[in-house]
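The structure appears below as structure tokens.
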Amino acid sequence: MNRNLSTGLSLHAPLEHNAPTEEPKRRTPGSPERPRERLLAHGPQVLTSAELLAIILRTGIAGCDVVTLSHRLIGHCGGLRGLLATDAAGLLALPGLGQAKVCEILAISELGRRALEEELRVGSALDQPARVKQYCATRLAHLEIEHCVALYLDSRFRLIACDEVSRGTLSQAPVYPREVVKAALRHHAAAIILAHNHPSGVAEPSQADLALTRHLHKALALVDVRLLDHLIVTRNAAISLAEQGAL
């Protein structure tokens, strides 16, 4: 759960947070005032994130209209990405979110992740490095302990599956190359992209990361599977060891 959620959410005073907030966009003369009507009249791009979220939530709570509530929820979670990455328990702990609204937010978050995954299933990962980083970020960037996932690719470098291969502590997640090799054979993969997060926010490989990359590269080569890349993901960045020449 996001650590920020351990504090209470006041509905009567602005929250203090470090994430940038969006100023409500000016309405054009004569345009409808409700976000839903503005979206239909002018398109979703004219609405702020809070207004788009308000369309999903539909109603506010006593003393707090839905747009204001949306602003505060986004701010409390450190931004829109933080809100969409919060798990069910964390969302249910926030005032104004019942089970129905929580399910809607979780569904939207999952649909966004699946849309990225769908692109990787039909196109080559080698042609979409930014998409691969974005997809891995949706899975890993918000996590507060280290997780490692493997993207298993076919001979045309299209995504077959993305599986978690380990999870650990704040600073490490043990990865066993033998298990990754077994999974690659089970998926009939021709190549793999490994990705793990650094909850510390340091987007640089450790010596252990580099050693794992070399070891896994050699282990996969024995069964004719390529290690295409090893990504390190933080809240604000995703770096490629292949791009850095470590593969």
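The values are calculated or read from the model by the stated rules, or taken from the named source; none is laboratory data. This one's a predicted model, so the numbers in the text were calculated from it and none came from an experiment. So basically every Cβ, Gly included, is an ideal-geometry build from the backbone, and we count neighbours across all protein chains shown.
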*Got a sec? Which of S31, S70 is assigned by TED's automatic domain parsing to the domain that holds P95, at pLDDT 90 or above, surrounded by 12 or more Cβ atoms within 10 Å (Cβ to Cβ) and among the small types (G, A, S)?*
S70
*Only one of P205, P199 is of a type outside the set (A, V, I, L, M, F, W, C), closer than 17 Å to E243 by Cα and buried (at least 18 other Cβ atoms within 10 Å of the Cβ); which?*
P205
*What residue, of A195, A219, is on the phi < 0 side of the Ramachandran plot, out of contact with any His (no Cβ under 8 Å at 6 or more places or on another chain) and among the small types (G, A, S)?*
A219
*What about A125, is it over 23 Å from P199 (Cα atoms), buried (at least 21 other Cβ atoms within 10 Å of the Cβ) and small (G, A, S)?*
yes
*What is the number of the single condition among (1) in contact (Cβ under 8 Å) with a residue 40 or more places away in the chain; (2) out of contact with any His (no Cβ under 8 Å at 6 or more places or on another chain) that A85 does not meet?*
(2)
*Candidates A211, A203, A189, A161 - the one that is part of a helix (DSSP H, G or I) and of a type in the set (A, V, I, L, M)*: A211
*Considering R114, R58, which residue is surrounded by fewer than 18 Cβ atoms within 10 Å (Cβ to Cβ) and under 20 Å from the mean Cα position of the chain (by Cα)?*
R114
*Does I193 qualify as being touching an Asp or Glu at 6+ places or on another chain (Cβ under 8 Å) and either of a type in the set (F, W, Y) or surrounded by 20 or more Cβ atoms within 10 Å (Cβ to Cβ) (or both)?*
yes
*the stretch 223-240: number of residues that are in contact with a helix residue (DSSP H, G or I) (Cβ under 8 Å, 6 or more places away or on another chain) and closer than 19 Å to Y176 by Cα*: 9
_Lone unmet requirement of (1) under 23 Å from R34 (Cα atoms); (2) touching a residue at least 12 places away in the same chain (Cβ under 8 Å) for T59_ = (2)
*Answer yes if at least one residue in the stretch 172-188 is in contact (Cβ under 8 Å) with a residue 40 or more places away in the chain, under 22 Å from L126 (Cβ atoms), crowded, with 16+ Cβ neighbours inside 10 Å and in contact with a His (Cβ under 7 Å, 6 or more places away or on another chain), and no otherwise.*
no
_Residues within the stretch 142-164 that are in contact (Cβ under 8 Å) with a residue 60 or more places away in the chain and either within 20 Å of E118 (Cβ to Cβ) or surrounded by fewer than 18 Cβ atoms within 10 Å (Cβ to Cβ) (or both), tallied_ = 3
